[in-house]
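Student: Supplied in structure tokens, the structure appears directly below.
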Amino acid sequence: MSLRNRRQFLRSGTALIALPFLESLDFRRFAASTPPAPRPKRMVFLGFGWGVTRETWFPDPTRTGRDYALPAGLAPLERHRQDITVVQGCSNKFSNEAHWGSTFWLTGANRYAEPGRSFCNSVSVDQVAAARLGKDTRFKSLQLGTAKANDQGHGPGLSLAWDERGKPLAGHDDPVAAFHRLFSAEDLPLARRQALLAERRSVLDTLADDLARMRARLSREDTDKLEEYAQSIRDIETRLSKDEQWLGIPKPKPGMSEPRAGLAGKEEVKAMYDIIVAALRTDSTRVLTYRQPVDSLLRSIDVPYTGHDLSHYERSQGDRMSFSQRKDAAQSELLAGFLDRLKAAKEADGSSLLDHSTVVYGSNISSVHFLNNCPTVIAGGGAGIKRGQHLVLPKDTPLCNVWLTLLRGNGIDVVRHGDSSGALTQLLS
């Protein structure tokens with residue numbers, strides 16, 4: 001091999017060839033003086049329908065800061081007390097559908113904002129975060145859900161997520177499907193997958209040309225419809241570009257077994273929580289939403305009511321109220337287990353996933369048909385908020401003020417979100 005060829009070989013092999021340790025270079029001193037790379041920020045939004053038992057879920061509003069008692073509905077979170085903040089007083093002022101626990105939860109949108117239409121939405125906070133935090137991961141964001149979610153106090157939508165145009169984003173409603181999407185190896189050879197991507201791009205290019213020729217002959221109303229269709233094509237092109245970036249990179253090992261098929265209720269929620277931890281631990285994505293089940297959860301804990309019927313409890317109906325309290329406790333136990341797993345997953349520097357994550361748990365419905373005082377629990381250190389406290393804000397503070405504060409705390413510089421009126425200094429450390 002010639003000298004020139006040897007040099008080229010060494011240059012091309014630098015990813016595989018490591019220099020020996022040389023005392024004169026003192027690599028240990030150099031490594032010690034090099035600041036560690038910042039850990040990636042992560043955001044997780046966990047939404048449930050039908051609200052909570054107001055009397056036993058919300059802490060006493062007269063006891064704020066660190067001097068407060070966790071009520072029965074949140075008692076299972078006691079071991080995570082120093083990692084969570086409970087927020088009261090927030091609402092989405094435009095929300096007027098008492099069966100819609102998640103449709104506007106992350107957007108704060110006015111459904112009547114577009115003249116002549118009975119429904120419109122805007123971008124959800126997770127997608128604002130994903131535009132920044134999802135650039136370097138295989139999946140920009142991941143949406144998880146449950147079957148028949150619209151019947152479980154969630155309202156219209158395919159997941160908790162809505163794109164920049166206020167259009168619903170689809171998610172995975174089954175733990176097995178979500179697991180395979182994240183971690184299963186591709187069956188087709190690389191060359192075949194490349195060919196399929198090229199074929200899809202060719203189809204999209206042809207469609208784009210056809211749309212351009214059609215625009216001149218359409219009415220204004222039809223032009224609006226066509227633009228929506230064109231935008232959906234552009235969205236597909238964006239996803240194809242993302243797929244191309246990761247085409248030759250194998251999917252990571254999940255560190256968990258494939259979930260059993262047919263899981264429901266508590267076991268389904270546990271499996272989805274495990275998948276979220278695995279997705280974060282492998283850095284497959286940094287932004288996730290999970291639209292959670294209610295009715296199947298109730299069946300799994302032997303509650304003989306649907307979520308809707310249970311939400312109409314009254315003090316005189318001790319039976320329903322006690323079952324509602326059982327539901328609250330079960331949901332909090334599941335959340336506590338999820339936080340356990342985030343704490344147990346360690347980063348290279350010894351910190352935990354929870355230390356660099358923002359986890360939000362809540363609903364747009366407080367209880368029965370009330371849309372004020374949205375249940376809100378925030379966990380983790382990702383956004384730099386004060387943890388271990390109970391915060392009571394002025395009545396009807398925009399819930400989007402919380403979202404705005406969390407976005408900025410995660411390094412996402414936005415002026416406003418939804419109907420926000422400003423960041424919450426009370427929430428910041």
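None of the figures in this text is laboratory data; all of them are computed from the coordinates on show. Quick caveat, the model's predicted, so the values are computed rather than measured. Don't worry about glycine lacking a Cβ; one is built from the backbone with ideal geometry, like all the others, and counts go over all protein chains shown.
Student: When the Kirkwood hydrodynamic radius is evaluated over all pairs of different C-alpha atoms of region 361-420, what value in angstrom, to one decimal, is obtained? Walk me through the numbers on the way to the answer.
Tutor: Working: mean 1/r = 0.0789 Å⁻¹.
It is 12.7 Å.
Student: Same structure, new question: Report the one residue of Gly265, Leu288, Gly318 whose Cα lies farthest in the direction of the positive end of the charge dipole of region 260-323 (charges on C-beta: Lys and Arg +1, Asp and Glu -1; origin at the Cα centre).
Tutor: Going by the Cα projections, it comes out as Leu288.
Student: What does the extension gain come out to for Thr425 and Asp349, with contour length at 0.36 nm per residue minus their alpha carbon separation? If you can, show how the numbers build up before the last one.
Tutor: Numbers: separation 76, 0.36 × 76 = 27.36 nm, distance 2.97 nm.
Roughly 24.4 nm would be gained on extension.
Student: Apply 1/(1 + (r/R0)^6) to the Cβ-Cβ distance of Val415 and Glu258, taking R0 = 56 Å, and write down the FRET efficiency to the nearest 0.05.
Tutor: Details: r = 43 Å, r/R0 = 0.78.
E(calc), rounded to 0.05, equals 0.80.
Student: Here is a follow-up. Between Ser322 and Arg181, how many nm apart are label points set 7 Å from Cα along the C-beta direction?
Tutor: Distance between label points: 4.1 nm.
Student: Another question, if that's okay. Dipole of region 74-197 (Lys/Arg Cβ +1, Asp/Glu Cβ -1, origin at the Cα centre): which of Ala149, Ala170, Val128 lies farthest to the positive side?
Tutor: With unit charges placed on the Cβ atoms, the residue in question is Val128.
Student: Past 26 Å, Cα to Cα: identify those pairs from Lys135/Lys266; Lys270/Lys343; Lys251/Lys386; Lys343/Lys386, in the order given.
Tutor: Values: Lys135/Lys266 33 Å; Lys270/Lys343 16 Å; Lys251/Lys386 36 Å; Lys343/Lys386 18 Å.
Cα-Cα > 26 Å for Lys135/Lys266; Lys251/Lys386; rest within.
Student: What percentages, rounded to whole numbers, describe P(r) for region 306-429 computed over all alpha carbon pairs with 10 Å bin width beginning at zero?
Tutor: Histogram of Cα-Cα distances, whole percents per bin: 11, 34, 31, 19, 4, 0.
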